[in-house]
Amino acid sequence: AQSVAQPEDQVNVAEGNPLTVKCTYSVSGNPYLFWYVQYPNRGLQFLLKYITGDNLVKGSYGFEAEFNKSQTSFHLKKPSALVSDSALYFCAVRVNVYGQNFVFGPGTRLSVLP
Amino acid sequence: DTGVSQDPRHKITKRGQNVTFRCDPISEHNRLYWYRQTLGQGPEFLTYFQNEAQLEKSRLLSDRFSAERPKGSFSTLEIQRTEQGDSAMYLCASSLADQETQYFGPGTRLLVL
């Protein structure tokens with residue numbers, strides 16, 4: 001079955017430190033992978049995506065993610081966290097090449113402490 | 001760019017009533033998606049349209065749920081005979097057909113009493 005796992009419900013990091021939010025996936029074929037962020041009382045916002053090409057993908061607000069096919073992972077990273085990065089982060093995968101059925105992970109709440 | 005809008009933002013209804021939600025996508029986007037999100041979970045795909053055609057439906061979309069996009073612009077999601085288990089946030093998203101990035105609306109929060 002197609003699935004996305006985010007093994008950490010909560011990640012706490014001090015402001016200025018690097019952050020990592022983990023995502024692993026299980027999908028047939030080549031995955032299309034995404035990260036979205038959800039701030040309180042606001043809709044999900046697109047951060048970045050991996051479709052093909054370079055395994056290191058750069059996105060909005062200084063975030064980047066690395067696609068690792070052998071580990072079936074797509075971890076989100078940022079070199080220096082900001083308090084304003086505190087939000088709920090979702091990893092998502094498109095489950096088949098010809099359809100538009102996206103599966104989202106359960107989300108990871110990131111808290112950046114001043 | 002006005003973004004994706006949804007109406008209403010909140011809806012409280014009694015079990016057994018019908019409710020209808022509206023989504024207005026970004027104007028040039030020809031794909032429109034509906035998702036359901038419950039507390040502590042990620043969004044769950046319900047259905048999607050390309051222009052006015054409904055091309056995919058999730059098994060989650062029971063017979064009580066129906067979605068339309070009659071003119072390929074706005075869409076409505078109707079839930080008939082609501083149940084308490086329907087309480088959730090209903091999200092709409094839109095995208096261009098040749099791009100994978102979805103833009104989400106703020107959602108409609110439904111509470112069924």
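The values are calculated or read from the model by the stated rules, or taken from the named source; none is laboratory data. Because the structure is a prediction, the values reported are computed rather than measured. We place every Cβ from the backbone using ideal geometry, glycine too, and count neighbours over all the protein chains shown.
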Would you call B:THR82 of a type in the set (Val, Ile, Thr), surrounded by fewer than 16 Cβ atoms within 10 Å (Cβ to Cβ) and out of contact with any Asp or Glu (no Cβ under 7 Å at 6 or more places or on another chain)?
no
For the range A:72-97: of the residues being more than 10 Å from chain B (Cβ to nearest Cβ) and part of a loop (DSSP other than H, G, I, E, B), which is modelled with the lowest pLDDT?
A:VAL97
Which numbered condition B:GLU56 misses (of (1) in a strand (DSSP E or B); (2) at pLDDT 90 or above; (3) within 12 Å of chain A (Cβ to nearest Cβ))
(2)
Does B:ALA67 satisfy being in contact (Cβ under 8 Å) with a residue 40 or more places away in the chain, in a strand (DSSP E or B) and either touching a helix residue (DSSP H, G or I) at 6+ places or on another chain (Cβ under 9 Å) or crowded, with 19+ Cβ neighbours inside 10 Å (or both)?
no
Could you go through the range B:86-98 and let me know if any residue there is away from every other protein chain (no Cβ under 14 Å), closer than 27 Å to A:VAL37 by Cα, in contact with an Asp or Glu (Cβ under 8 Å, 6 or more places away or on another chain) and at pLDDT 95 or above.
no
Could you give every pair whose Cβ atoms fall below 9 Å, whose first residue belongs to the range A:42-53 and is more than 7 Å from every other protein chain (Cβ to nearest Cβ) and of a type in the set (Val, Ile, Thr), and whose second residue is buried (at least 19 other Cβ atoms within 10 Å of the Cβ) and assigned to a strand (DSSP E or B), counting only separations of at least 6 or pairs across chains?
none
In the range B:13-23, anything loosely packed, with under 13 Cβ neighbours inside 10 Å and farther than 13 Å from B:GLN80 by Cβ is listed as B:LYS14
Taking the stated definitions as given, is A:VAL13 within 14 Å of another protein chain (Cβ to nearest Cβ) and either surrounded by 17 or more Cβ atoms within 10 Å (Cβ to Cβ) or of a type in the set (S, T, N, Q) (or both)?
no
Look through B:ASP98, B:ASP86 and report the one residue that is farther than 29 Å from A:PRO31 by Cα and among the acidic types (Asp, Glu).
B:ASP86
